[in-house]
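What follows is a single structure, written as structure tokens, with notes after it.
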Amino acid sequence: MRTALAMMLLAAAAWAQDRPGDARRGVQLFEQHRCVLCHSINSVGGSGAPDLARRPTREFTPSALAASMWNHAPAMWQAMAARTLPLPKLEPAEVADLFAYFYALRYFDPAGDAGRGIQVLTSAGCAACHREGGAGPPVSAWRAPTDPIQWVQQMWNHTGAMTREARAAGIRWPELSVQQLVDLMVYVQNLPGGRLSPPSLRFGDPVTGARLFESQGCTRCHTVGEPASPGRFDLLGRTRRFHTLTEFAVSMWNHAPRMRRRAERLSADIFPFQGDQMRDLLAYLFEKQYFQERGNPSRGARLYRSRQCAGCHEAGPGPALAGLRGRFSPPAFTSASWKHGPQMLEQLEKRGLQWPSFTGTEMADLIAYLNR
């Protein structure tokens, strides 16, 4: 009975199709609905609810977010009622924006260290060219952006000249880790005339990034979350996930020589990034990875049976779910809870039943089963 009632509410949101989340819109919604009165961001804001910028785990997926918001919804509604705040009727698209924002908050890059940064200059071979009288501009003349994405964009735009110089000098291409990049950035910021400040959180536009991915010919060599084909490689079809935007950017840097060689064979150009183009492109790739979450439909089927969902949705008052395949998503579930949850909670309390809870894995598996 408890799960059947929960599934009635979950299904109510299934008609709404979700668009990709945009962290920039999520920031606006977070402020608009005054979430900061209870939640803090990096210790700035209310103290009555968790700090959303803290990350107890990197496996923070849309289903885990949906499960967390679902499980804590009654307590949040009670806190808002105590402050006489109106309960927002969140649409699935708005929930997706908030999810993207919450996700991005938890995925800052590691702190940099100037002492390690100077070591990177030597170990990665940068000092061989970037010295007074060397082939490249000396380190003292480098611009010192506080944003790793902007930093990598500057580096990327010089990969053509750097590749030629490295080949001529017989120098191996300097591959970097995220930690090394951030350490190097902090070192340059600490040089005389540098500007040391923490990186700011700026979001690109995934829609613009998608257009850029298409218009600049990236699709000639890459797919994004689709099966690879001869000569085309899926950027998301790897065993490891990219946890930060900077990880995406560093991966591009490390593969720059290989990409340039392939572009030469295809008589294609490697275009330089301008303005916020790299940020937009990485926002697109990051968003595709984040929302491309797969559950296990077999486990979902067992969950569906063990919770006796069929008693309501196949033989009872609940809506039939078979006709809604492909329309279930974590944002849709969360949207339904904020639209109809208080009424459902009231009904459960009248029956002496508790608000049902889900784990993130259960949520993902159940969605996979319902969308099968």
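Here are some notes:
- Some residue of the range 183-193 being polar (S, T, N, Q), over 34 Å from the mean Cα position of the chain (by Cα) and more than 20 Å from Gln274 (Cα to Cα): no
- Filter result for Ile149 (in a helix (DSSP H, G or I), within 16 Å of Asp276 (Cβ to Cβ) and in contact (Cβ under 8 Å) with a residue 12 or more places away in the chain): yes
- Condition check for Ala135: buried (at least 16 other Cβ atoms within 10 Å of the Cβ), of a type in the set (Gly, Ala, Ser) and in a loop (DSSP other than H, G, I, E, B): yes
- Test: Glu175 is assigned to a helix (DSSP H, G or I), at pLDDT 85 or above, closer than 26 Å to Arg265 by Cβ and over 19 Å from the mean Cα position of the chain (by Cα): no
- Filtered residues of the range 70-128 (kept if part of a loop (DSSP other than H, G, I, E, B), of a type outside the set (Gly, Ala, Ser) and farther than 16 Å from Gly341 by Cβ): Arg83, Thr84, Arg106, Tyr107, Phe108, Asp109, Pro110, Asp113
- Selection within the range 178-190: residues that are at pLDDT 85 or above and of a type in the set (S, T, N, Q). The member of this set that is farthest from Ala124 (Cα to Cα) is Gln179.
- Residue selected from the range 330-351 under the condition closer than 17 Å to Ala81 by Cα and of a type outside the set (S, T, N, Q), by the criterion surrounded by the fewest Cβ atoms within 10 Å (Cβ to Cβ): Glu346
- Yes/no for Gly136 being modelled with pLDDT of 85 or more and among the small types (Gly, Ala, Ser): no
- Test: residue in the range 260-270 that is more than 26 Å from Val178 (Cα to Cα), modelled with pLDDT under 85 and in a helix (DSSP H, G or I): yes
The values are calculated or read from the model by the stated rules, or taken from the named source; none is laboratory data. Nothing here was measured: the structure is a model prediction, and the numbers come from that model. Ideal geometry is used to build each Cβ from the backbone, glycine not excepted, and the neighbour counts take in all protein chains shown.
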